[in-house]
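Step one of this worksheet: look at the structure below.
The values are calculated or read from the model by the stated rules, or taken from the named source; none is laboratory data. As the structure is a computational prediction, the values presented were derived from the model and not from experiment. Cβ coordinates were reconstructed from backbone atoms using ideal geometry, including for glycine residues, and neighbour counts include every protein chain displayed. Surface areas here come from the heavy atoms of the whole protein model, side chains and all, with no ligands, DNA or RNA. Shrake-Rupley method; radii C 1.70, N 1.55, O 1.52, S 1.80 Å.
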Amino acid sequence: GSEMCIRDRQNIEVTYASSGKLYAQIAAGAPYDIFLSANQEFPAKLADSSTQGEETREPFTYAQGQLALYSVTSPLNEQALTDVLMSDTTSKIAIGNPELAPYGASARSYLQAQKVYDTVEQQKRLIQAENIGQAFQYAHTGHVNYGFVALSQLIAINAEPNQFITLAPESYPAILQDGIRLSDASAAIDFTDYLRSSVGQRYFLQAGYLTVQ
């Protein structure tokens, strides 16, 4: 789940960066029309920080991320994930920084719910990546044995079916991704409407996200 902002020109122009960086740019006056984040925090901050006299703009949820376990070193199937993670006490597991990355926070919650988080941490097997992109790179290059990553990342690279297991959505906190429209430009209005339409939601489903109502 990359984050993006869109500036209104004759064609839509997309800027990719971390949610925090884009939030800081917008707060400093960057002329974006839409902000799409990989979490709910920053769009909510923008809604709360609108100055007096401005129209209040409400964030909207455009997709729900899916968490997957990925490995290029150990073939995966539908066996219990806890069995996979605990079978080799020397294997390394990457997660995004739980304090900063939504996917990392959900991965930590999943491991805690399965009552294996403390064990893998004490065994020094847990590798904390800066973000979900870095967690993916660690797993993709074989730097770690397993990585908790976004399913959308795996679909984007056409990962082999035996390289990942998709976690049941009910087994970890929902990864809701919000956006907020920052201007009344016609292209911005049309595009946010499209994101929430049945056609736009089908695109997200194909890309590895859960659709939202």
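Brief remarks follow.
- Remark: the range 100-213 carries 51 Å² of accessible area per residue (probe radius 1.4 Å; ligands, DNA and RNA excluded).
- Projected onto planes of every orientation and averaged, the convex hull of the alpha-carbon atoms in the chain covers 12.5 nm².
- Nitroxide proxy distance, nm - points 7 Å out along Cα→Cβ at THR73 and LEU205: 3.7
- For the set ILE132, ILE127, ILE95, solvent exposure ranked by accessible area (probe 1.4 Å, protein chains only) runs largest to smallest as ILE127, ILE132, ILE95.
- Longest exposed-site-free window of the chain, the sites being GluC sites (Glu not before Pro) in a DSSP loop that have at most 15 other C-beta atoms within 10 Å: 131-213
- Estimated FRET transfer efficiency when R0 is 22 angstrom, pair ASP184-LYS21 (beta carbons, to 0.05): 0.35
- The range 77-213, accessible surface, carbon-and-sulfur percent (1.4 angstrom probe): 49
- Under a 5 Å amide H cut-off, with hydrogens placed 1.01 Å from N, ALA129 pairs with ILE95, GLY96, ASN97 among residues at least 5 apart or on other chains.
- Spin-label model distance (nm) - ASN11 vs GLN122, 7 Å beyond Cα toward Cβ: 5.7
- Per-peptide packing, taken as the mean over residues of other Cβ atoms within 10 Å, places 177-186, 30-39 in the sequence 30-39, 177-186 from highest down.
- Inter-probe distance in nm under a simple model that places probes 7 Å from Cα toward Cβ, at THR61 and HIS143: 3.2
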